[in-house]
Amino acid sequence: MSALANCIQTINMGIGIAVIVFTVRVYNGTKENALQLYDQSNTTPQNSLLYSTPLPNQLENNLGKYCQCGEEILDNICSEEQIISGCYDVSKKNEKDSLRRLLEEKDCTTIEAELGRQNAKYSTVFDFGFETVNKMALGILIIYACILGVVVLMIFVAMSVLCCGEKAAIIILPCLPCIFIITLGSGIADLVLHIILMVYYYKGRTNGDFLDYYNKCIKDDTEKQKLRPTYETLDNLNSNVTAFVVLNFVGIALNYVASCFSKQNNNGES
C-alpha cells in the first residue's frame, strides 16, 4: 500500500512540474492579445465586408434566397452594396438543404454581422479577457515560488537541526510562522486563482469560439491566409490552457487518493 502511495506521490510531483510549465506558457501566451495585434496591423476595412451576410432575422425571412457575386454564391439576399458591385439574387432548389446550412451557419452569420458593425475589428467581437487570465497565471506562479521557498526553508531547518541540535531553535522559531502561513494559505489561494483563470478564459465569446469561426466561417482564402499566424498563436495557447486545466484536475484527484492512502496507513499503524 505504501509503495502505491509513493508511486502516486511521484506521479503527482511530475504533474506539479508540468502544471508549472504550462502555467508559464499560459502567462507568456496571454501577455498580448494576438487579435488586437492583428487588428492594429490591418486597420483598413476587410474586403469580406462587401460580402457580409445580413442579420439572422433577415435570413429567416428569406429562406432559399442566395446572392451570386461572380462565381461565388452566398447564402443571403443581396445587400445594396453587393447589388451595386454587380451581385444578383438567385435561389437554390433544395430548400431543406438550405435550411440545414442556415442552422449550421447561424453563429457565423451573427459574428459576421457584428464584425460589420465594428468595422471588422476581431478583438472587439471576440473579447478573450486575457488581461485577467495573465494576472491570475502570474499569481499562480508567485504562489509556486512561495511554496518552493518554503521547501528550501524546511530543508535548511532540517539541516540546521542535524548540524546544531538544540542551538538551531533560535533559527527555527522565527521561521515557523512563515512556514505555517504559506502552507495554509497557498493551497486556498492557488485554487481560487485557478478558478478565476478558467472563468475568465472560458466565459463570453472565447478563444475557442474564434478558432471555430476561423475553421468554419471564413471563406475568403486571402483573409484566412492573413489570419493564419494569429490562428496558430491562439490555437497553441488554447492547447496549453487545455493541458493546464486537465493536469490540475488530475492533480487534485491524485492528491485526494494520496490523502486517502495516508489516512489508511495512519489508522493501520494505530
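The values are calculated or read from the model by the stated rules, or taken from the named source; none is laboratory data. Because the structure is a prediction, the values reported are computed rather than measured. Using ideal geometry, Cβ is built from the backbone for each residue, glycine included, and neighbour counts are taken over all protein chains shown.
Among the residues of the stretch 131-145, those that are without any contact (Cβ under 8 Å) to a residue 40 or more places away in the chain and closer than 13 Å to Asp190 by Cβ comprise Ile142, Ala145. I'm trying to understand the selection: among the residues of the stretch 217-239, which are within 19 Å of the chain's Cα centre (by Cα) and either among the small types (Gly, Ala, Ser) or more than 15 Å from Val26 (Cα to Cα) (or both)? Listed by number, the residues that qualify are Leu227, Arg228, Pro229, Thr230, Tyr231, Ser239. Inspection of the stretch 246-263 finds no residue satisfying the criterion of being assigned to a helix (DSSP H, G or I), without any contact (Cβ under 8 Å) to a residue 12 or more places away in the chain, within 19 Å of Ser123 (Cα to Cα) and among the charged types (D, E, K, R). For the stretch 78-106, a residue qualifies if it is buried (at least 16 other Cβ atoms within 10 Å of the Cβ) and at pLDDT 70 or above, and the qualifying residues are Cys78, Ser79, Gln82, Cys87.
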